[in-house]
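Input: a single structure, listed below in structure tokens.
The values are calculated or read from the model by the stated rules, or taken from the named source; none is laboratory data. Just so we're clear, the structure is a prediction, and the values are computed from it rather than from any experiment. When we count neighbours, we look across all protein chains shown, and the Cβ atoms used for this are built from the backbone with ideal geometry, even at glycine.
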Amino acid sequence: LVASLEQVEQTYIMVKPDGVQRGLVGEIISRFERKGFKLTGLKLFQCPKELAEVCKFAVGLMCHEHYKDLKAKSFYPTLIDYITSGPVVCMVWEGVGVVASARKLIGSTNPLQADPGTIRGDLAVQTGRNVVHGSDSPENGKRETGRFLLLVFKHIITEMISS
Ligand code: RTP
């Protein structure tokens with residue numbers, strides 16, 4: 001009843017290539033499950049680097065709208081190299097207050113400043129290898145979840161055409 005009175009949100013969580021490579025997918029999923037949020041989407045995806053650089057759609061899928069805002073930053077090329085260096089695990093999690101709560105579970109961008117008990121605080125040391133992404137607002141949660149669904153539909157349609 002409480003949940004029905006409050007706003008159920010969706011957030012887009014992405015285990016970055018270092019998290020997948022280090023075998024942290026289960027650990028990260030487990031933290032969201034134990035907190036009590038609901039997993040409503042899951043897909044392993046690898047973005048070809050050429051696509052990430054030239055195709056707005058793919059950059060959006062992989063790097064989210066706010067990465068576009070980071071385009072002028074000196075670390076942007078490194079960020080693209082990092083995010084396209086291996087498969088990522090894309091997820092949608094649902095629940096009341098899930099956007100802000102997920103950011104707390106994830107911890108500060110710089111893992112050295114992230115509190116112990118958070119994913120980055122416990123499992124990472126470098127900003128450029130900070131294991132996981134989470135939407136930073138309910139609006140971006142909707143936007144990034146929308147892109148995730150497009151990615152899944154695109155995959156299903158490609159499979160249907162090629163079979
Ligand atoms: P995210 O979008 O990945 O959840 O990260 P965030 O909101 O905590 O941080 P944001 O400022 O949006 O930065 C996005 C990602 O870019 C990389 N980064 N590198 N100085 C650097 O080298 C630097 N700063 C940011 C990180 O991977 C960060 O998560």
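Assuming V152 fulfils every condition listed in (1) in contact with a Gly (Cβ under 9 Å, 6 or more places away or on another chain); (2) within 18 Å of L24 (Cα to Cα) apart from one, which condition is it?
(2)
For the range 12-48, which positions are assigned to a loop (DSSP other than H, G, I, E, B), within 23 Å of T109 (Cβ to Cβ) and of a type outside the set (K, R)? Spell out the reasoning first.
So the first thing to find is which residues in the range 12-48 are assigned to a loop (DSSP other than H, G, I, E, B), and the list is 16, 22-24, 36-37, 46-48.
Now drop any that are not within 23 Å of T109 (Cβ to Cβ), which leaves 16, 22-24, 37, 47.
Those that are assigned to a loop (DSSP other than H, G, I, E, B), within 23 Å of T109 (Cβ to Cβ) and of a type outside the set (K, R): G23, L24, F37, C47.
Among (1) part of a helix (DSSP H, G or I); (2) within 11 Å of the ligand (Cβ to nearest atom); (3) not basic (K, R), there is one condition S108 misses while meeting the rest; what is its number?
Evaluating S108 over (1) part of a helix (DSSP H, G or I); (2) within 11 Å of the ligand (Cβ to nearest atom); (3) not basic (K, R) leaves (1) as the failure.
Looking only at the range 52-99, how many residues end up being at pLDDT 60 or above and either away from the ligand (no atom under 13 Å from the Cβ) or outside any helix (DSSP H, G or I) (or both)? Give the derivation first.
Just the residues of the range 52-99 that are at pLDDT 60 or above, to begin with: 67-99.
Filter once more, so that each one left must be either away from the ligand (no atom under 13 Å from the Cβ) or outside any helix (DSSP H, G or I) (or both): 70-75, 84-98.
So the answer is 21.
Residue by residue through the range 104-125, note down the ones that are surrounded by fewer than 17 Cβ atoms within 10 Å (Cβ to Cβ) and under 16 Å from M14 (Cβ atoms).
T109
Give the number of residues within the range 85-98 that are surrounded by fewer than 22 Cβ atoms within 10 Å (Cβ to Cβ) and under 13 Å from the mean Cα position of the chain (by Cα). First the steps, then the outcome.
Going through the range 85-98, the residues surrounded by fewer than 22 Cβ atoms within 10 Å (Cβ to Cβ) turn out to be 85-87, 89, 94-97.
Cutting the leftovers down to under 13 Å from the mean Cα position of the chain (by Cα) gives us 87, 89.
Of the residues in that region, 2 qualify.
Can you pull out the residues in the range 111-138 that are out of contact with any Ser or Thr (no Cβ under 9 Å at 6 or more places or on another chain), over 13 Å from R31 (Cα atoms) and outside any loop (DSSP other than H, G, I, E, B)?
Within the range 111-138, R129, H133 qualify.
Taking interchain pairs and intrachain pairs at least six residues apart, which have beta carbon atoms under 9 angstrom, with the first residue in the range 6-24 and within 11 Å of V99 (Cβ to Cβ) and the second acidic (D, E) and within 15 Å of the ligand (Cβ to nearest atom)?
From the range 6-24, the pairs are Q10/E144; T11/E144; Y12/E144.
Scan the range 126-145 for residues that are more than 10 Å from the ligand (Cβ to nearest atom) and surrounded by 14 or more Cβ atoms within 10 Å (Cβ to Cβ) and jot them down. Break it down stepwise before answering.
First, pick out the residues of the range 126-145 that are more than 10 Å from the ligand (Cβ to nearest atom): 137-139, 141-143, 145.
S137, P138, G141, K142, R143, T145, listed by residue number.
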